[in-house]
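The values are calculated or read from the model by the stated rules, or taken from the named source; none is laboratory data. Here the structure is a predicted model, which means the values were calculated and not measured. All Cβ positions, even for glycine, are placed from backbone atoms using ideal geometry, and neighbour counts span all protein chains on display.
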Amino acid sequence: MDKRESMWDYYLKKGMSRRSFLKGCVALTSLMGLSTDMVSKVVEAAEKKPLPVVIWIHGHECTGCDESFIRSGSPLASDLVLNEIALEYDHLLSAACGEPFEAHLEETIQKYKGKYILAVEGAVSTKDNGIYCMSGGHTFTHLLKHAAANASAVIAYGTCAAYGGIQAAKPNPTGSSGIGMFVGSTPIVNVPGCPPIPEVMTGVIMHLALFGQVPPLDNEERPKQFYGNRIHDTCYRRPFFDAGMFAERFNDAAARAGWCLYKLGCRGPETYNSCGNLRWFQGMSYPIQSGAPCIGCSNPHFWDEDPLTLRMPEYEPLGNVDKIGAGIAALTAAGVVVHGAMSMVQKQQRDEIEAKKKGEQ
């Protein structure tokens, strides 16, 4: 790519109207989780900022993140790849392959040093010097370090890239891990999920493309606009949880009536993601809406929770959380009784003091 054009240049080239361009900018503002007062800044960036060069590399993974990415509905993945970013290298989405393709990767790294966005999908194999994951004749560890050192920012797409994912599940024979320790001082954005929500993936990359900086991040380097709430906070079954109304089996009347799935293994109360508000397949549904509990796929080590439907782990010698909860409830009840008795004693003492004062008067 010799001439880097802006998004507005592409709209003009395709004969699209200014109105369509502005509507697209409004949609992007919403997609990126920004307030409406940021629309003018998005428009300005889309008019002037050249489309970013993106290099997408793959480690230990199943290409599920790519598959999720191409199902983005707002914007369409085709629009994003063809009109809004310059995707120069991707194992799955590129037509080229072999030595010329690898040579193009190196040319892109050198030509746009310090200016391109590096997207990483998959875990890093560290055991035996990384020989269990090779790319272009080199270990993935070598490729990741080389590409990250020259990038402006790194996006870790998926739980594998962020934390190690399924490849890092016990006993982790390949020594797989997240990419964080291999990117050096280059800014990183973790976008966990197995896979991540398509619109979250496109929203993060468009934020970097338009503003040239990472979005606001939490303490785990996740973008706050997409990982600021628990699944529990946006779940439409939450009122049943608050009312203590739970499904006991997947096929009981409570499950069919839409009661809370907490006792069936739902990890919504401890999982941060946007499934409850963005949902999947352009807002059509998400696991809890389909009757399946959240398995916490955006959490580190989620795959080692065995079985996935077990939500009440044992805390020896205290027992499981049901028993702990019952014990706490009993202690709370006892505390209420003691508090009530003490209140009565204090009231009686106050009454006696007041009566004594009246007698002295």
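Brief remarks follow.
- Residue count, region 117-132 (criterion: within 27 Å of ALA153 (Cβ to Cβ), surrounded by fewer than 24 Cβ atoms within 10 Å (Cβ to Cβ) and among the β-branched types (Val, Ile, Thr)): 1
- Candidates LYS48, LYS41, filtered to the one that is surrounded by fewer than 16 Cβ atoms within 10 Å (Cβ to Cβ) and under 30 Å from GLN110 (Cα atoms): LYS48
- Within region 64-107, the set of residues being acidic (Asp, Glu), at pLDDT 80 or above and touching a helix residue (DSSP H, G or I) at 6+ places or on another chain (Cβ under 8 Å) comprises GLU88, ASP90.
- Any hit, region 171-182, residues being modelled with pLDDT under 95, surrounded by 24 or more Cβ atoms within 10 Å (Cβ to Cβ), in the same structural domain as ILE117 (by TED's automatic domain parsing) and within 16 Å of the chain's Cα centre (by Cα): no
- Just one of (1) at pLDDT 90 or above; (2) closer than 30 Å to LEU76 by Cβ fails for GLN282. It is (1).
- Residues that are assigned by TED's automatic domain parsing to the domain that holds THR174, under 23 Å from GLN213 (Cα atoms) and under 22 Å from the mean Cα position of the chain (by Cα) number at least 2 in the following helices (runs of 4 or more DSSP H) confined to region 15-72: 64-69.
- Selection from region 14-38 of residues that are touching a helix residue (DSSP H, G or I) at 6+ places or on another chain (Cβ under 9 Å), over 23 Å from LEU278 (Cβ atoms) and exposed (fewer than 14 other Cβ atoms within 10 Å of the Cβ): LYS14, SER17, ARG18, SER20
- Scan of region 152-188 for residues that are more than 19 Å from PRO223 (Cα to Cα), assigned to a loop (DSSP other than H, G, I, E, B) and touching a residue at least 60 places away in the same chain (Cβ under 8 Å), ordered by number: ALA169, LYS170, THR174
- For GLU88: the one exception among (1) among the acidic types (Asp, Glu); (2) surrounded by fewer than 19 Cβ atoms within 10 Å (Cβ to Cβ); (3) under 30 Å from GLU47 (Cβ atoms): (2)
- Subset of region 257-290 (residues that are touching a Leu at 6+ places or on another chain (Cβ under 8 Å) and either farther than 14 Å from ILE231 by Cβ or in the same structural domain as GLY73 (by TED's automatic domain parsing) (or both)): none
- Taking region 136-151 as the range and being buried (at least 19 other Cβ atoms within 10 Å of the Cβ) and part of a strand (DSSP E or B) as the test, only THR139 passes.
- Taking region 234-288 as the range and being in contact with a strand residue (DSSP E or B) (Cβ under 8 Å, 6 or more places away or on another chain), over 19 Å from GLU199 (Cα atoms) and surrounded by fewer than 16 Cβ atoms within 10 Å (Cβ to Cβ) as the test, the residues that pass are MET245, GLU270.
- Only a single item in (1) under 23 Å from TRP303 (Cβ atoms); (2) crowded, with 24+ Cβ neighbours inside 10 Å is not met by VAL189, and it is number (2).
- Pairs, first closer than 22 Å to THR202 by Cα in region 82-110, second part of a helix (DSSP H, G or I), C-beta under 6 Å, six or more apart: ASN83/TYR10; GLU84/MET7; ILE85/ALA209; LEU87/VAL81; GLU88/THR108; TYR89/LEU105; LEU92/ASP66
- Condition met for VAL204 (more than 20 Å from ASP304 (Cβ to Cβ), without any contact (Cβ under 8 Å) to a residue 40 or more places away in the chain and in contact with a helix residue (DSSP H, G or I) (Cβ under 8 Å, 6 or more places away or on another chain)): no
- Meets criteria (small (Gly, Ala, Ser), over 19 Å from ILE179 (Cβ atoms) and touching a Leu at 6+ places or on another chain (Cβ under 9 Å)) for SER78: no
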